[in-house]
1. Helix-only estimate, please: 222 nm mean residue ellipticity of chain B, summing -39500 (n - 2.57) across DSSP H runs of length 4 or more and dividing by its residues, to the nearest 500.
2. Given the C-alpha centroids of region B:112-143 and region A:200-230, what is the distance between them in whole angstrom?
3. Cβ under 12 Å from B:Thr123's Cβ, B:Thr123 left aside: what net charge do those residues give with Lys, Arg +1 and Asp, Glu -1?
4. Once the Cα atoms of helix B:124-136 and of chain B are each reduced to a long axis, what angle between those two axes, in degrees from 0 to 90 to the nearest 10, is obtained?
5. Which one of B:Ser141, B:Tyr166, B:Ser78 is farthest out on the positive end of the charge dipole of region B:25-171, using unit charges on Cβ (Lys, Arg +1; Asp, Glu -1) and the Cα centre as origin?
6. With a Förster radius of 30 Å, plug the Cβ-Cβ distance of A:Asp110 and A:Ser183 into 1/(1 + (r/R0)^6) and report the FRET value to the nearest 0.05.
7. Near A:Leu259, within a Cβ-to-Cβ distance under 9 Å, what is the net charge of the other residues, with Lys and Arg +1 and Asp and Glu -1?
8. Taking every alpha carbon pair in region B:25-171, what does the distance histogram look like in 5 angstrom bins from 0, in percent?
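The values are calculated or read from the model by the stated rules, or taken from the named source; none is laboratory data. As the structure is a computational prediction, the values presented were derived from the model and not from experiment. Methodologically, a virtual Cβ is constructed for each residue, glycine included, from the backbone with ideal geometry; neighbour enumeration extends over all protein chains shown. Calculation scope for accessible area: heavy atoms of the full protein, side chains included, ligands and nucleic acids excluded. Shrake-Rupley method; radii C 1.70, N 1.55, O 1.52, S 1.80 Å.
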Amino acid sequence: MASSDPPRDPHPPTTDERPTDQQILDYENSLRAELLADAPFVSELAGLEELEKEYEGGAEIFRKKLQELKKDYPIYRSIRKDGNCFYRAFGWRLAELLWSPSSASSFWHDTAKAVLISTRELLTSSGYEQVMIEDFYDTFLAAMKLREAPGEPTGLEVFQSEYASSTTICHLRLCTGAELKRSRDLYEGFAEMPIDEFVIKSVEPMALEADNLQISALVNAIPLVNIRIANLDTTPGSINFHEFSPMDADAKTLPVITLLFRPGHYDVLYGKNENVEK
Amino acid sequence: MDTAMRPTARRSGKQLASGTKSGSQSVAKRLQNELMALMVANIPGISAFPEGDGLMNWKWTLAGPSATVYEGLTFKGSMTFPATYPINPPVVRFDTKLFHPNVDLEGNICLDILKDKWSAVYTVDKVLLSLQALLADPNLSSPLNVTAAEMWDRQSDVLKVVLKTYKESSDL
């Protein structure tokens with residue numbers, strides 16, 4: 001400890017009065033963990049009425065938009081609010097689509113399998129070292145039930161187990177980063193900094209939320225779905241949607257993942273006739 | 001601090017396949033991969049090796065970057081990996097006492113990539129190279145050692161304290 005330093009020390013201790021960065025970080029993490037303790041990474045299905053309850057005392061505009069939304073999307077699934085929710089929601093919905101009996105023998109399923117298996121090459125060709133990404137990749141494929149992984153969690157278990165779930169999210173972050181680097185000319189104008197820096201600062205670190213640029217990149221990195229995002233905000237009028245479609249695929253033939261966006265957070269929405277994993 | 005001058009474990013023919021007591025299999029596999037890569041790459045001025053049983057605690061050495069006040073000095077430290085590595089960062093500390101704006105007298109380091117800017121693609125060698133870069137180019141806007149930060153533009157004064165601190169650490 002600093003107290004054992006000789007008194008004539010030319011550089012007096014500066015850390016006595018305040019906690020170290022590590023302590024601050026640990027404290028923040030423990031607070032966050034406490035807040036999140038009861039929230040599953042991916043929750044059970046719930047009716048949109050549950051969401052309406054949250055807004056009972058809130059602004060009229062939210063209640064109006066939720067009522068409107070409920071007509072087409074009566075069910076939702078909440079995702080843990082930990083900064084990874086976009087990637088987690090995307091991964092989960094993709095898995096659900098892959099497991100769905102109706103997609104089992106479809107052309108889409110075969111394409112999806114090929115695309116997801118090729119994400120390793122996507123990463124290595126963008127400069128990620130294979131030995132460093134292999135674990136994420138293997139866990140990801142196991143999560144999608146595309147690879148036998150004895151002893152490792154699969155499917156829903158993955159999304160409920162912290163390490164495997166984080167690892168899967170990590171793989172999706174790296175796919176996003178790889179796509180940004182691969183087609184940097186396309187994205188650079190939107191990044192406000194060089195793409196490599198953007199990837200290091202805003203894509204690769206865990207717990208940093210995805211914005212439009214990351215979403216566009218992930219949709220192109222894994223061109224298997226369209227993403228439709230319902231914005232629950234205070235702008236007047238009806239609820240508005242943002243659509244993201246892969247550029248090099250026939251978007252009309254692809255399934256749609258619908259998410260609900262509230263500032264800083266994404267949850268999953270389900271349409272009336274969508275197949276859902278129980 | 002009691003480990004400060006313990007000799008850094010070298011390439012002692014340690015059994016790489018001997019698994020770990022803590023942490024999941026994948027952490028052990030990842031760390032084994034990193035160890036292999038580090039040994040193959042053999043980066044000048046940097047070495048790191050697991051200490052004790054398993055792979056979760058490492059010791060490292062780092063040569064002070066040339067053309068800085070740390071040139072010619074060798075620094076030792078430790079790296080402890082959580083069971084959730086590489087999703088979460090290792091805890092990295094200097095064992096050798098070091099006078100630097102972003103390192104406190106207990107060896108704690110303030111470096112963003114070891115905190116909120118950590119990502120799972122960082123590796124032991126990247127961390128050590130970042131530490132080397134930090135020695136050469138401190139972040140004066142968030143100092144852990146305010147004295148060092150305030151003195152930093154007077155490099156000849158800094159050099160004196162750096163050498164004195166280093167000597168004290170070596171004499172322990």
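1. My calculation for chain B gives -10000 deg cm²/dmol from helical runs alone.
2. 25
3. Neighbour charge sum, excluding B:Thr123 itself: -1.
4. 0
5. Positive-end residue among those listed: B:Ser78.
6. Working: r = 25 Å, r/R0 = 0.83.
Efficiency at R0 = 30 Å is approximately 0.75.
7. Here the count lands on +1.
8. Values per bin, smallest distances first: 2, 9, 19, 23, 19, 13, 9, 4, 1, 0.
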